[in-house]
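Scroll down for the structure; my scribbles are underneath it.
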Amino acid sequence: MRRMSLFCAALLASVPGMARAAEPPCLTLAEFTSLASYALPSIISGTNQRCSVSLGAGAWLPRNGERLAARYATQKASSWPGAKAAFLKLSASTNGEANKLFRDMPDASLQQVLDAMMEGMVSQSIPLERCETIDGVVRLLSPLPPENTAELIALAVGLGSKSKEPKVGKVSICKS
């Protein structure tokens, strides 16, 4: 689960221009949960796309990944307001011009950009040698309702924020 939460946090923070930011703002657990809940279907689809080349036909993701992504997508509409706010909070600290463009976009357009970006980044960045572990983690999380999975990932990230370095990837979790 720790690998999955690290992976999700790194992906959620990797919007264009983020690499230039010295220190992005922190997200609360609620903000991170909303963003994770919204992004999980795209992350699962991108992971499935990337890992299907290295996992055997009997692996969990190739057989069930798209169905899981579709089930998790049922929560996207309800998590969108919080996810949008979290995404705009992150993008504001890195690139003012991009943030203004994102703020001015209609929600449907911004959702398409975010979905494509998440799926594309995941499908290109997962090391193939981690696919077997990720397959197992996703299989174990799959029975959970989407909102529980997102919250569990946020809690795991939040536990990391209790350490001296409250950062997972480029996302900082606000200390409570």
Quiz prompt | Residue list for segment 39-58, restricted to those being more than 19 Å from LEU144 (Cα to Cα) and not hydroxyl-bearing (Ser, Thr, Tyr) | solution = GLY46, GLN49, ARG50, CYS51, VAL53, LEU55, GLY56, ALA57, GLY58
Practice problem: Tell me which of these GLY58 doesn't satisfy, since it passes every other one: (1) surrounded by fewer than 24 Cβ atoms within 10 Å (Cβ to Cβ); (2) at pLDDT below 95; (3) under 22 Å from VAL157 (Cβ atoms). | Solution: (3)
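Restricting to segment 30-60, give me the number of residues that are more than 17 Å from the chain's Cα centre (by Cα) and not in a loop (DSSP other than H, G, I, E, B). I'd like the intermediate steps shown before the answer.
At the first step, the residues of segment 30-60 found to be more than 17 Å from the chain's Cα centre (by Cα) are 52-60.
Imposing the further condition that a residue be not in a loop (DSSP other than H, G, I, E, B) reduces the set to 60.
Count: 1.
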Quiz item: Out of segment 61-77, which residues are within 18 Å of CYS131 (Cβ to Cβ) and either touching a Ser or Thr at 6+ places or on another chain (Cβ under 6 Å) or buried (at least 18 other Cβ atoms within 10 Å of the Cβ) (or both)?
Solution: LEU61, PRO62, GLY65, LEU68, ALA69
Self-check item: Yes/no for ALA92 being hydrophobic (A, V, I, L, M, F, W, C), farther than 18 Å from SER42 by Cβ and either touching a Lys or Arg at 6+ places or on another chain (Cβ under 6 Å) or modelled with pLDDT under 90 (or both)
Solution: yes
Practice problem: Return a yes/no flag: does segment 16-29 have any residue that is buried (at least 17 other Cβ atoms within 10 Å of the Cβ), assigned to a helix (DSSP H, G or I), modelled with pLDDT of 90 or more and out of contact with any strand residue (DSSP E or B) (no Cβ under 7 Å at 6 or more places or on another chain). | Solution: no
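The values are calculated or read from the model by the stated rules, or taken from the named source; none is laboratory data. Note that this is a predicted model, so its numbers are computed, not measured. Methodologically, a virtual Cβ is constructed for each residue, glycine included, from the backbone with ideal geometry; neighbour enumeration extends over all protein chains shown.
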